[in-house]
Each structure stands twice: as C-alpha cells, then as structure tokens.
Ligand code: CMP
C-alpha cells in the first residue's frame, strides 16, 4: 500500500518536472527563433497552445481513469481493476484526445494521410514489436476469458505461485520461495494453466503409510479427527482418509482435506503431517517403512500369555459359559476362530444356514430384521455378548441379519466344539434354551413377519438335546 502511494507521488513529480522542462524548452525555442519566416513562426506559435491543451487532455484522461477504475471497481465492486484493462483504456482515450487536439490546433494537416503514407513505417514497427504485440493480444484474451484473478494460485509450465498482477506483457507470480516470476502472456496462452481460485475450497492430498498389523478403521478415525481441527483446514467438509494401495511393506494411505486459504498449502500440508505423527503415536499405530518380518521363537521358563489365554479369558466372562471349568474354557478357546469385521460388514445374513455361534470380543454389532423391506435394529450387542446361537442350537435358518456397527472382533465357535462341551455340561443346554426363547419372543414382537419357530414351543430344550444327540 505504502509502496504504491510512493509510486504515485514519484509519477506526479516526474510529470510536473517534464511539463516544466517542456515549457522551458518551448520558451527557449520561441525566443531563439523569434525571427523566423512568417509561416514557420505561426506554426511555432501553436506549439505552447498544443502543449497546454495536451496537458489538460492528460489531466482529463487521468481523472476519467480514476473515476472509472478506482470508484467503480475498487469501491463498488470491491476489487482492483486489472492493470491491462486500465492501460488499454488509457491508451485509447489518449489517442482519441490526441487526434481531437491535433485536428483543432493543426487543422491544416491531414492526419489520415499522415498515417496512410507511413505504411512502411508501420511494417517496420510491426516487425519490431512482434513479441510485444503477441503478449499484448494474449493478455487481452486472458482478460476476456478471466480464467484466474489476482490472488489465485496457479501452476503454469514449471512455475507455481500466487498471481500478483496481469499486465499487458506478463503474468507476475510470487512463488512460495518469495521470488517473482514473470510468465509472458504469449507463453501462458500456449501452456495449460492449473488454477486454484482464491475464493474456492481447494483440496490437497497428503500421503502416509502404516503397518499391515494396524487396523484400517482405527487409522481412519484417528487421522481424520487429528486433522480436521488443524489451522487452515476447512471445517465445511470433513477430511477423507482412504487406502490408496497395499504397498510392499505398508498400507498406503491418502488424506484429502480442503483448505481455507490455498496459498498456504505448504504450511498446512506440513501441519497435517505433524498432526498425523502425533495421533498415530498416541494411539499405538505405527508408520511403515521398508521392513522384513522375522519370527523368532523364544525359549522361556515362564509360559507366555497366548492368544488362547486371552480368548479363554473373554469366554469366561460370557454368562452361558460361566459353568465351564478353566480347562474346558481352554479347550473351547482352542477350537475358536478369530475374525475382524469392518464397520458396515455383514456377519450373519437372515435365512442362511448356520452351524456356528459368535462371541463379541470388542466392538459392536446390530441385530437387524427386515420391517417391510427396511432394516430395523432389534438389539445392539457388544463386548462379551454372543449371537448366532439360534441357528446353531435349533438347526433352523438364521433369524436376523447381524451387521458390524464399528470395527468388531469376534470369536466363532463351531458345532463340534459345542457338542463336546454339552456332553460334559448338560446344564448348559438349559441356559441357552432360555436365551433363545427370550430372543425369539423379541423377534416376534419386533416383526409381524417373524414366524413362530419350534423353539417357542415348550420343547426347545428337548429339541436342542435331540439336535446335539444328548440324553
Ligand atoms: P441366529 O438366528 O443364528 O442368527 C441371527 C442372530 O441374531 C440370532 O441367532 C441371535 O443370536 C441374534 N438375535 C436375534 N434376535 C435377537 C434379540 N432380540 N436380541 C439379541 N440377539 C438376537
């Protein structure tokens, strides 16, 4: 702002000095050639009149320029008028004023003839100004198209930067290393230009990689939450975290986020990366780097805690397995299979055959039935709850859909393992038949289409026994 004011002051001083110098020179010519022949003398006498008129013409053009571009553009439209438009306008009005003045002061000369007879001169000037004119017309077409404005970030050729001005000759860019690059208009017209408009939500992609052992659902949640409140990340659109590739030694991710001020994307990218680092660290997730996995078997006196111990631990907390001894729990845990499901995945589909049941180790699932074609949740099951027992113990098709609400780890227990347990714990069949009866009653209440099954008759327990070959 201060710089442009100083510029204006300099221009005014220059203008006043030039005018004074011209007036002095004229005075000198006037007094020196006072004794010229009559005709020449009259022509010379017109010079100061012409200069004075030109001076007034100049002031008129400046005033018109200020009125149109400063008042209309800056104050009413709220942005600076393009320099090129200003210059072209000024040049045109100057030319018109010049012609009018010349015709009025030197009416004895024919301006038209002057221009037509100077065709050769025009060709020479045209050739000399070929590049300049090329830039000029490319500049005009850029202005007509208005593909970008001052303040937008553009990529043109190998240059990236913020547009500072568009003149009749070049586009002035300020690069992100604070250098000025001038891209000539004719070059810009030949290149493809990528524009990130200033008043637009422009997006960026930042890449990172995690270990294959890290959970995708957890990574998505952790990274998205870490990035969304970073400075300059727009809160109008939630960042998107997604897997872009399964790399050699990492799950390759990208995060797409939208910026409030695109011109600061370098800083914001860096901040986003920093946030990701801290978030992964806090949540026990690990950045991947080229790795080779070696499995070492350690001999140790103390028996290490195994996955089976953990499964047995979880099963002991499930109410129907409470009567089982530690040994039986270990037997059962050996026969279980661990599965992880992503949010939204279906674990059980209504109507399918089923010969296993599931215990939720961690996460949450929804039990859903179809209510006139739309899914309705009848129960939400979480850590330590079980499902899928109905089909397993009655031999009937699955009664409902079971869908993971969040990332969910479950233990699957098959028919053979349960049969073994029933033989050693006949009472188990009774507590399971209670659960099934309750759930079937729920289902019947929740859906008009739910069919009363054999389990709703008093013979559920005996049918379980029959199904498993128990006495
Ligand atoms: P199954 O019929 O094998 O498959 C669907 C499972 O959803 C079913 O076993 C039950 O374990 C479970 N389920 C059905 N209804 C309910 C309910 N009301 N509450 C909890 N779980 C249910």
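Here is how the numbers come out for the structure above:
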| read-out | value |
| --- | --- |
| Burial order of peptide ranges 90-102, 200-212 (average beta-carbon count within 10 Å, highest first) | 200-212, 90-102 |
| Estimated FRET transfer efficiency when R0 is 35 angstrom, pair residue 225-residue 182 (beta carbons, to 0.05) | 0.20 |
| Cα gyration tensor shape of region 387-447, rounded if a/c is under 1.5, else prolate or oblate by comparing a/b with b/c | oblate |
| Label point distance in nm, residue 55-residue 70, each placed 7 Å from Cα along Cα→Cβ | 2.1 nm |
| Additional length obtainable on full extension of the chain from residue 330 to residue 383, 0.36 nm per residue less Cα span | 17.2 nm |
| Separation in nanometres of the label points that stand 7 Å from Cα toward Cβ, at residue 434 and residue 131 | 9.5 nm |
| Simple spin-label estimate for residue 192 and residue 470 in nanometres, 7 Å along Cα-Cβ | 7.1 nm |
| Difference of contour (0.36 nm per residue) and Cα-Cα distance, residue 318 to residue 94 | 71.4 nm |
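Laboratory data are not the source of any read-out in this text; all were calculated from the coordinates shown. Predicted model, so just to flag it, every value in this text is computed and none were measured. Positions of Cβ are backbone-derived with ideal geometry, glycine not excepted, and every protein chain shown enters the neighbour counts.
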